[in-house]
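Here's the structure, in C-alpha cells; my notes come after.
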Amino acid sequence: MKVKLQYKIILLFVFISFYHCKEKKNNSVKIQIKKKTSLKENRFKETGIVKNWDSLNRYNAEAFLLEYGKQNPETKVIIKTKYGDVKLLLYKDVPVHRANFIFLTKIKYFNTTVIYRVAKNFVIQGGNSDSMYTQKQRRKYGNYLLKPEFRKYRTHKYGALAAARQWEKNPNKLSSPFEFYMVQKKNGAHHLDNEHTVFGEVISGFTTLNKISKVKVGVDEWPIEDIRMTIEILD
C-alpha cells in the first residue's frame with residue numbers, strides 16, 4: 001500500500017510540474033506576439049498593407065495613402081532648383097493627394113526628376129524625367145492612379161499646385177501620382193477647375209516661378225537645359 005501511495009504522489013507531482021511548464025510556455029508565446037506586432041503594424045495589416053514603404057501598388061493605393069497620411073501629417077514642402085526655391089502648402093482636405101506628395105517626397109522620388117514642361121504664362125510642370133531610374137521607381141509602385149478630390153473652393157488661381165493627368169481615355173479624371181504643376185499665369189487657369197485636383201499652393205517663391213518661365217524650351221515645351229530639382233519636407 002505504501003508503495004502504491006508513493007507512486008501516486010510521484011505521478012501527481014509530475015503532472016503538476018508538466019502543467020505548470022505548459023502554462024509558462026503559453027504565456028511566453030503570447031508575450032512574444034505582443035512584442036512582435038505593434039499597433040502601427042496591426043493598422044497596416046487591417047488595410048491590406050504589409051510594409052510601410054514597399055507595399056504601395058495600384059490595388060491598395062487609396063487605403064495605403066489614407067493610413068500613411070494619418071502617420072505623416074506634414075503640410076509644407078520646399079522645391080529647390082538652380083533658379084531658387086519654391087515653398088508649397090499642401091491642403092489637408094485632399095488627404096490622398098497630400099499624403100501621396102509627402103510619401104514621394106520622403107522616398108526622394110522627386111529628386112530623380114526634373115521640371116520637364118514650361119508653358120509660358122500658363123503652368124510649370126514637374127515630376128518626370130527621361131532617366132531610367134525614374135521609370136524604374138514608377139514601375140516599382142505599379143504606376144498607380146489617384147481618384148479626384150475636387151473641392152469647389154479650390155481653384156486654379158495663381159500659384160495653385162495641382163496633379164497632372166491623362167485627358168484621353170480617362171473619363172474618371174484620375175490623377176497621375178508622380179507629376180504635378182504650378183499655375184504661373186497671374187490670372188489663373190480656371191478652365192482647369194474640376195478637371196484636375198488642386199491639392200496645394202505656392203506660399204513663397206513666385207520670383208523663382210517667373211525665372212523658370214523664361215527659360216528656352218523645345219517644341220514640346222521641355223526646357224533645352226534640364227531643370228533638376230529636389231523636394232524636402234519643411235514641417
### Pairs where the first residue, in the range 158-170, is surrounded by 22 or more Cβ atoms within 10 Å (Cβ to Cβ) and the second is assigned to a loop (DSSP other than H, G, I, E, B), C-beta under 7 Å, 6+ apart
ALA162/HIS156; ALA162/HIS196; ALA162/THR197; ALA163/SER176; ALA163/HIS196; ALA163/THR197
### Task
Output the number of residues of the range 133-157 satisfying the condition of being open to solvent by 90 Å² or more (accessible area, probe 1.4 Å) and either part of a helix (DSSP H, G or I) or not aliphatic (A, V, I, L, M) (or both).
7
#### Entry: Looking only at the range 52-84, and only at residues there that are of a type in the set (Asp, Glu) and open to solvent by 70 Å² or more (accessible area, probe 1.4 Å), the one that is modelled with the highest pLDDT
GLU62
### Task
Give the range 89-104 a look and list any residue that's open to solvent by 10 Å² or more (accessible area, probe 1.4 Å) and not aromatic (Phe, Trp, Tyr), or say none.
LEU89, LYS92, ASP93, PRO95, VAL96, ARG98
### Task
Kindly indicate whether GLU221 is of a type in the set (Asp, Glu), open to solvent by 20 Å² or more (accessible area, probe 1.4 Å), in a loop (DSSP other than H, G, I, E, B) and on the phi > 0 side of the Ramachandran plot.
yes
### Query
Which residues, taken from the range 213-233, are under 17 Å from ASN111 (Cα atoms) and touching a residue at least 60 places away in the same chain (Cβ under 8 Å)?
ASP226, ILE227, ARG228, MET229, THR230, ILE231, GLU232, ILE233
## Note on the structure
The one condition PRO177 fails out of (1) in contact with a strand residue (DSSP E or B) (Cβ under 7 Å, 6 or more places away or on another chain); (2) modelled with pLDDT of 95 or more; (3) in a loop (DSSP other than H, G, I, E, B); (4) open to solvent by 20 Å² or more (accessible area, probe 1.4 Å) is (4)
## Note on the structure
Of the residues in the range 205-218, those that are surrounded by fewer than 15 Cβ atoms within 10 Å (Cβ to Cβ) and on the phi > 0 side of the Ramachandran plot number 0
### Query
over 11 Å from the mean Cα position of the chain (by Cα), open to solvent by 10 Å² or more (accessible area, probe 1.4 Å) and within 24 Å of VAL217 (Cβ to Cβ): does that describe ASN121?
yes
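The values are calculated or read from the model by the stated rules, or taken from the named source; none is laboratory data. Keep in mind the model is a prediction, meaning the values are calculated, not measured. Reconstructed Cβ throughout: ideal geometry from the backbone, glycine too, with neighbour counts over all protein chains shown. Only protein heavy atoms, including side chains, enter the accessible area calculation; ligands, DNA and RNA are left aside. Shrake-Rupley method; radii C 1.70, N 1.55, O 1.52, S 1.80 Å.
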